[in-house]
1. Name the single residue that is modelled with the lowest pLDDT among those in region B:1-34 being of a type in the set (Gly, Ala, Ser) and not in a helix (DSSP H, G or I).
2. Give the residues of region A:81-112 that are facing chain B (nearest Cβ under 7 Å) and either under 12 Å from A:Ile69 (Cα atoms) or among the basic types (Lys, Arg) (or both), sorted by residue number.
3. Is it the case that B:Thr320 is assigned by TED's automatic domain parsing to the domain that holds B:Asp85 and either of a type in the set (S, T, N, Q) or modelled with pLDDT of 95 or more (or both)?
4. Could you please give the count of residues in region A:276-296 that are assigned to a loop (DSSP other than H, G, I, E, B), in contact with a helix residue (DSSP H, G or I) (Cβ under 8 Å, 6 or more places away or on another chain) and aromatic (Phe, Trp, Tyr)?
5. Filter region B:58-104 for residues that are among the charged types (D, E, K, R) and in contact with a helix residue (DSSP H, G or I) (Cβ under 9 Å, 6 or more places away or on another chain) and give the result.
6. Where residues in region B:216-258 are of a type in the set (Asp, Glu) and within 13 Å of chain A (Cβ to nearest Cβ), which of them is surrounded by the most Cβ atoms within 10 Å (Cβ to Cβ)?
7. Tell me, which residue of region A:289-328 that is among the β-branched types (Val, Ile, Thr) and surrounded by fewer than 17 Cβ atoms within 10 Å (Cβ to Cβ) is farthest from the other protein chains (Cβ to nearest Cβ)?
8. What single numbered condition from (1) within 30 Å of A:Ser272 (Cα to Cα); (2) within 20 Å of the chain's Cα centre (by Cα) fails to hold for A:Pro131?
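The values are calculated or read from the model by the stated rules, or taken from the named source; none is laboratory data. Keep in mind that what you see is a predicted model, and the values were worked out from it rather than measured. So basically every Cβ, Gly included, is an ideal-geometry build from the backbone, and we count neighbours across all protein chains shown.
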2 protein chains.
Amino acid sequence: MAKQPTLTDVARAAGVSRSTAARALSGSGYVAKAKRELIEAQANGLGYRASAIARTLRTRRSHTVGILIADITNPIFPRIVRGADEVLTGEGMTLLLCNTDQEPERQASFTQVMIERMADGLILVSQSIRPELVDLLRRGPPIVLVNRTPEPGAFDYVGPDNAQGIDALIEHLTNHGHRRLGFIRGPRNSSTACERYDRFVRRMGELALPLPRSAIFDGDYSPESGRAAADAMLNLPATERPTAILAANDFVALGLIDRARELGFAIPQDLSVTGFDDAFGEAAWHRVFPDAPRMTTVGQPRREIGRQAANLLLDRLADTSRAPTKIIVPVSFIQGTTTAALAPQPSLPSPRRRRGRTM
Amino acid sequence: MAKQPTLTDVARAAGVSRSTAARALSGSGYVAKAKRELIEAQANGLGYRASAIARTLRTRRSHTVGILIADITNPIFPRIVRGADEVLTGEGMTLLLCNTDQEPERQASFTQVMIERMADGLILVSQSIRPELVDLLRRGPPIVLVNRTPEPGAFDYVGPDNAQGIDALIEHLTNHGHRRLGFIRGPRNSSTACERYDRFVRRMGELALPLPRSAIFDGDYSPESGRAAADAMLNLPATERPTAILAANDFVALGLIDRARELGFAIPQDLSVTGFDDAFGEAAWHRVFPDAPRMTTVGQPRREIGRQAANLLLDRLADTSRAPTKIIVPVSFIQGTTTAALAPQPSLPSPRRRRGRTM
């Protein structure tokens, strides 16, 4: 392997001491102009590059930004990263990613690595932030939160308009005759999940729709949560059972559909289901296969969210004293095949006990 | 913001000079045992943490590994990252990702950042490596290549068994009566694409199947490449036109299907199409919607590939002198809805000029 030239090589070539070469190349002390130019010429000739670490220690700017994502295998995250990457790469910065799986130890160790290696800033995507991490974050570089805010107003923030999305889903379902709506609530430590839940409760009240305690299921963001909700809600008496259920996200909705079909409910004929996030299915796939099953859900402009987060961070680096900014981006309703008009229910029949192929 | 204690704070608390404190805490020079213990106690009491950068400069081990991925929005990559992450996190290492979009400048700048910040190793996933980058890589830390090898045998390597996958696709198609097979070749600078193409040509020869020049289309990995192939191949006379086309990957296959349907070919009735990589559709989705359209394709054990890559890197760190290792992991054939038995063609009819809904 070719060896990179060292400071000692440069000093030897220029006929000066190592410490003189170091002073000349780092600008950290006086070296006569002629001697400095000789040392620089030798350094260039040898292809010597001052260590980036040494340079960072000197300038306190590393031109790197760290981004924590909650789960790299959840398809909503890569396009957020892509958007941030486009903006930051355009500014000559390198984006370093870390997949945390929401584990506090991994959040902390990546954050520590970024602080110690002096990243210029951090972008945290969908991170549930524990109190102990908040302390660590306050000691670190500027931060932008994406899709989750632990203390509203304390950090720069970009996220989707969850209220708009919930309103659109409720409007779609009520326009199709549904009045008994169920809701599967996401994790309580997720601000996004709380926003969606709060808006659902509020909007149901505004529309004077019934909202018994049994219409709310306390879940998380997993398919298992959707399956458990199906067991709880679909075994209710027919007069109480929701005819449509809004799930906390698409993964929950998928588990709900899976279990509902096992229980004999045809989707969407016997039960309408909505997700959130548009996690499944490429737009290109649905254009080529327009009849493929698709989740009725809410899409986020992920690339735009990533771009906005990067821009907020760049603004913050330029002005560390400005007040925290909050950016809410509009979302879009996606009509899929998991919702349908409420079937006429003259005698409120129990669900068909058939399995399988209904879509 | 809380200020981290500095070396000066520790020195003051212990009543010693800053340089003595530095020697004691870094182990870089002699300090009497009693004094060292006092300094260490004060450092612990204050919560002083030696800079990771200083520690790295001293130990030459940073406990970070860099991973370059070609395109974070291509769903085949996240699970490879996940697998590598599992293994490395288990060893107390932090995995830093970079999305390169295959741009040489971004490959080079991330690699440079990793070299300068002294990553212990690098994992390169599906990177087409330009000659100038090879020089940079040789100066850097140990490297494992995944799914693409620029100089076979020069680096540790993990990749899927492309030959096995091509054999399985050809067997599936010939078992369904197809004999005129077309092939859309991926980019020539991709070793994976070359492996798939070479095997296709060889296997067709072994089976004594016809392989006119018109049955090969020189493409890349994009949907546009599939569309262009459809225009070239499907306008051939019916006696020459392939009845089944193997695409370089799933994105190419999707473009091919899209354009073929525009040209009036029903898929799979008039034309069978196969992809490679299983990029579309979650397994969970297909379990819940068993009748959903699905690509006939070849799946890679992505998580396993990621785990193997991380293990190879750890082996390399333990023994930098061992010969490069090549690991080929088995793939799996996935029966989808884009292939079907060759329709009886007594009079070799021209394709139906209908559009649209055939799946």
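1. So in region B:1-34, the residues of a type in the set (Gly, Ala, Ser) come out as B:2, B:11, B:13-15, B:17, B:19, B:21-22, B:24, B:26-29, B:32, B:34.
Right, trim to not in a helix (DSSP H, G or I) and you get B:2, B:15, B:17, B:27-29, B:32.
Working: B:Ala2: 45, B:Gly15: 87, B:Ser17: 77, B:Gly27: 56, B:Ser28: 51, B:Gly29: 53, B:Ala32: 77.
Among them, the one singled out is B:Ala2.
2. Those that are facing chain B (nearest Cβ under 7 Å) and either under 12 Å from A:Ile69 (Cα atoms) or among the basic types (Lys, Arg) (or both): A:Val81, A:Arg82, A:Leu96, A:Leu97, A:Cys98, A:Asn99, A:Arg106, A:Phe110.
3. yes
4. 2
5. Within region B:58-104, B:Arg58, B:Arg61, B:Asp71, B:Arg79, B:Arg82, B:Asp85, B:Glu86, B:Glu91, B:Asp101, B:Glu103 qualify.
6. B:Asp250
7. Narrowing region A:289-328 to residues among the β-branched types (Val, Ile, Thr): A:296-298, A:305, A:320, A:325, A:327-328.
Filter once more, keeping what is surrounded by fewer than 17 Cβ atoms within 10 Å (Cβ to Cβ): A:320, A:325, A:327-328.
Numbers: A:Thr320: 11, A:Thr325: 19, A:Ile327: 22, A:Ile328: 24 Å.
Going through the qualifying residues, I end up with A:Ile328.
8. Going through the list (1) within 30 Å of A:Ser272 (Cα to Cα); (2) within 20 Å of the chain's Cα centre (by Cα), A:Pro131 breaks only (1).
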